[in-house]
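Engineer: Quick one: structure below, then a few questions.
The values are calculated or read from the model by the stated rules, or taken from the named source; none is laboratory data. From a predicted model like this one, the values you see are computed outputs, not experimental measurements. Positions of Cβ are generated from backbone atoms using ideal geometry, with glycine treated the same way; all protein chains shown enter the neighbour counts. Note: areas computed on protein heavy atoms with side chains; ligands, DNA, RNA excluded. Shrake-Rupley method; radii C 1.70, N 1.55, O 1.52, S 1.80 Å.
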Amino acid sequence: MHLRQLFLPLMLLICAPMGIKGQTDASVAALFEQFRAAAAFDHEFPREKVFLHLDNNAYFEGDSLFYKAYVVRASSLKPTDISGVLYVELLNAAGQTMERQLVKIDSLGGGNGCIKFDHHMHSGYYEVRAYTRAMLNWDEDAYFSRVIPVFERTKDSFTIEPLDASWKIPEKAKRSFTFGSDTKREIQFFPEGGRRIAGLAQRFGFLVTDGNGMPCAEAIEVYSNDGELLASARPLHEGRGAFLLPSGVDGGYAVVGGHRTELPTAESEGYVLRADVADGYLDLHVERTAGMPQEVVALGIFSRERACYFDTLHVNEPAEFSLPASVLRGGINRVQLFNKDGASLAERLVYCPFASKDVQLSVRQSAAQYEPYAPIALEFYVADDKGNPLAANLSLSVRDDVQEIVNGKGHSIEAELLLASELRGYIHQPDFYFAPSDTVASRKKRLLALDHLLLVQGWTATSFHKMCHHERFEAQQPIEENLVLNGTVFKDNNKREPWADLALKLMMYSPDGTTVEGECRTDAE
């Protein structure tokens, strides 16, 4: 472990020649103005997150899916005080919306509902997703999303029909499907910092998949254009891994399973940022190419758009320093390197364990084992790490684990709110990264696998340039505080074909005898 130089950025500024002190002061002031503008973004455009607690992990045709929703502010993870309406959708494998529900969000950020797997919903894999209308101002990666299996039950077994090349894709499918070779190997590269910079040593995340997009475990070898072996690495988990490309390499390619893939094209000038969280510290390495301006730059840390840390540094030589992990917040943090114009020079996502109070949940039940249809009485007690009672908003699902057909230990509120909702794309069994470890080596392996996941599927809701207001953030969707009546009219042809351009007159009756009337015309959907 290198000597931790906690105050190196400040020392670099203090040791600057007196002749450029005025210029340096002006640069620092300009950098702080960019940071202050970015720090105010969450106040102007607050973002929300959703978690759905489902009553089961798999379903049969004809079953009902019950859910409890938790809607929180992204920056604080406290119950939302923004939106009053939650959208919950069920999508089929083709991406078509099979059902959409509107749920009222209460003062504790909660709501609940039920989705019925009706006769027109056949066995297969479905996506349950949830979002508020305000969340539509960001990418779909911000939504809550979970894939669930729905089985066809026969007399002696249950099955799901697999998709293959003979499957007829619906004409209005919103997802593309590829049926490739299991023996084909593909590699995707993800330069740490966001861009590959020519001539500098740089870490790369990578993902190895087969022709169907499934992760593979084969090792990769990285070569220069002259055929010199530069690095070799094996995926640690789910086809993801990382390797360090040495300095002075131009071009290059990687090989796995006989398949060759070129490395990303390098930019001639720029900054390289390496980051690691270990032993209670955030270790950083910052380096720039010789052609970049000799200017003071800033290092900012944000967690879910909330500002955590700011400092400045002058990178004439490669700089290595450490910050205490206490500057980070629980969950994913964005380490952002930027200049006085608010331009992102490099950025990196790192994960910090959530350092909240330990919550103890104990359960007392009326019997050790229950017969079918027997009454069940459960008593819960929630306390902090010192045994003091806590008020809690709870939801409970009870299942017979003997009959459980899918392992349900893959989606916790911690994994969804701290990890999955801050990353891009599908994450298989996110709770793997939070599972308790018996040994130090096992814990380090899970944390390293989590770091590879951030390298490969890292996603930020808002670019730093937008957070600084240099690029206008357009909030296209308003905040919905009250329920709005929505729906779809289908033709009576048993095909669930939408009835377009239909004039409707609606009347709603309340128990006290009052009525509300409205008229509308349906759109193409």
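Engineer: Any idea which of VAL88, ALA461, TYR381 is furthest toward the positive side of the dipole for the chain, if Lys and Arg beta-carbons carry +1 and Asp and Glu beta-carbons -1?
Structural biologist: Looking along the dipole axis, the top candidate is TYR381.
Engineer: For the stretch 249-304, what is the per residue volume of the convex hull drawn over the alpha-carbon atoms, in cubic angstrom?
Structural biologist: 181
Engineer: Now for a separate question. Among 274-282, 445-453, 378-386, how do they line up by average Cβ neighbours within 10 Å per residue, starting with the highest?
Structural biologist: 445-453, 274-282, 378-386
Engineer: If you don't mind, there's one more thing I want to ask. Once the stretch 107-163 is represented by equal point scatterers at the alpha-carbon sites, with solvent omitted, what log10 I(q)/I(0) does the Debye formula produce at q = 0.24 Å⁻¹?
Structural biologist: With no solvent term, the Cα-only Debye profile gives -1.06.
Engineer: Can you list, bin by bin at 10 Å, the percent of alpha carbon pairs in the stretch 269-423, starting at 0?
Structural biologist: 8, 27, 24, 16, 13, 8, 4, 1
Engineer: Averaging the inverse of every distinct alpha carbon separation and then flipping it gives the Kirkwood radius. What is it for the stretch 89-244, in angstrom units?
Structural biologist: About 19.8 Å, per the Kirkwood formula over Cα pairs.
Engineer: Mind giving me the FRET efficiency for ASP81 and TYR253? R0 is 45 Å, r the Cβ-Cβ distance, nearest 0.05 is fine.
Structural biologist: It comes out at approximately 0.30.
Engineer: Compute the Rg/Rh shape ratio of the chain: radius of gyration over Kirkwood radius, all on alpha-carbon atoms.
Structural biologist: Rounded to two decimals, Rg/Rh equals 1.00.
Engineer: So, in nm, how far is label ASP141 from label ASP182 when the simple model puts each one 7 Å beyond its Cα toward the Cβ?
Structural biologist: 3.2
Engineer: If you take every DSSP beta bridge fully contained in the chain, what fraction is antiparallel? Give it as a percent rounded to 5.
Structural biologist: The answer is about 95 percent antiparallel.
Engineer: Computed FRET efficiency, Cβ-Cβ of ASN112 and MET214, R0 41 Å: what is it to the nearest 0.05?
Structural biologist: So, using R0 = 41 Å, E works out to roughly 0.70.
Engineer: With charges set only on the Cβ (+1 for Lys and Arg, -1 for Asp and Glu), what does the dipole of the stretch 28-120 come to about its Cα centre, in debye to the nearest 20?
Structural biologist: Using Cβ point charges on Lys, Arg, Asp and Glu, the stretch 28-120 gives about 260 debye.
Engineer: Going highest first, how would you order 508-518, 344-354, 430-440 by mean Cβ packing within 10 Å?
Structural biologist: So the order, starting with the most tightly packed, is 344-354, 430-440, 508-518.
Engineer: Oh, and also: Expressed as an acute angle from 0 to 90° and rounded to the nearest 10, what is the orientation of the C-alpha long axis of helix 440-457 relative to the principal long axis of the chain?
Structural biologist: The answer is roughly 90 degrees.
Engineer: Separate question: Obtain the nm distance between the two label points defined at ARG175 and VAL398 by a simple spin-label model: each point lies 7 Å from its Cα along the Cα-to-C-beta direction.
Structural biologist: 3.4
Engineer: Per residue of the chain, what 222 nm ellipticity follows from adding -39500 (n - 2.57) for every DSSP H run with n ≥ 4, rounded to the nearest 500?
Structural biologist: The helix-only estimate for the chain comes to -3000 deg cm²/dmol at 222 nm.
Engineer: Per-residue counts of other Cβ atoms within 10 Å, averaged by peptide: what ranking do you get for 185-197, 27-39, highest first?
Structural biologist: Result, highest mean first: 185-197, 27-39.
Engineer: If you roll a 1.4 Å probe over the heavy atoms of the protein chains, what accessible area per residue do you get for the stretch 108-210, in Å²?
Structural biologist: Value returned for the stretch 108-210: 53 Å² of accessible area per residue.
Engineer: Okay, moving on. Among VAL484, THR265, GLN101, whose Cα sits farthest toward the positive end of the charge dipole of the chain (+1 at Cβ of Lys/Arg, -1 at Cβ of Asp/Glu, about the Cα centre)?
Structural biologist: Most positive-ward Cα: THR265.
Engineer: Rounded to the nearest angstrom and ordered from largest down, what semi-axes does the equivalent ellipsoid of the stretch 174-279 get from its C-alpha gyration tensor (root of 5λ)?
Structural biologist: With the √(5λ) rule applied to the stretch 174-279, the semi-axes are 25, 16, 14 Å.
Engineer: Contact order normalised by length for the chain, with contacts defined as Cα pairs under 8 Å and 6 or more residues apart; what percent is it?
Structural biologist: Relative contact order comes out at 15 percent.
Engineer: Also, quick follow-up: Set the Förster radius R0 to 25 Å, insert the Cβ-Cβ distance between ARG472 and ALA343 as r into 1/(1 + (r/R0)^6), and round the FRET efficiency to 0.05.
Structural biologist: The formula returns an efficiency of 0.95 here.
Engineer: Could you give the size of the charge dipole of the chain about its Cα centre, using +1 on the Cβ of each K and R and -1 on the Cβ of each D and E, expressed in debye and rounded to the nearest 20?
Structural biologist: Roughly 460 debye, rounded to the nearest 20.
Engineer: With +1 assigned to the C-beta of every Lys and Arg and -1 to the C-beta of every Asp and Glu, and no other charges, what is the dipole magnitude of the stretch 93-168 about the Cα centre in debye, to the nearest 20?
Structural biologist: Dipole of the stretch 93-168, to the nearest 20 debye: 260 debye.
Engineer: Let me ask you something else. For a distance above 14 Å, tell me the whole-number percent of Cα pairs in the stretch 465-525 that qualify.
Structural biologist: Result: 73 percent of Cα pairs exceed 14 Å.
Engineer: Output the Cα-based Rg and Dmax of the stretch 173-213 in Å, rounding Rg to one decimal and Dmax to a whole number.
Structural biologist: My reading of the Cα-based Rg and Dmax gives 14.6, 45 Å.
Engineer: What length, rounded to one decimal in nm, is gained on full extension from ILE376 through to SER442, with 0.36 nm per residue of separation minus their alpha-carbon distance?
Structural biologist: 19.9 nm
Engineer: Points 7 angstrom from Cα along the Cβ direction at GLU517 and ALA290: gap in nanometres?
Structural biologist: 8.2
Engineer: Where q = 0.15, 0.21, 0.23 Å⁻¹, what log10 of I(q)/I(0) comes from the Debye formula for the stretch 203-334, counting one point per Cα?
Structural biologist: -0.94, -1.21, -1.27
Engineer: Above 24 angstrom, tally the Cα pairs of the stretch 424-525 and express them as a % of all pairs, no decimals.
Structural biologist: 65
Engineer: Now, a different point. For the stretch 371-408, list residues with backbone N below 13 Å from a point placed 7 Å from the Cα of SER362 toward its Cβ?
Structural biologist: 379-390
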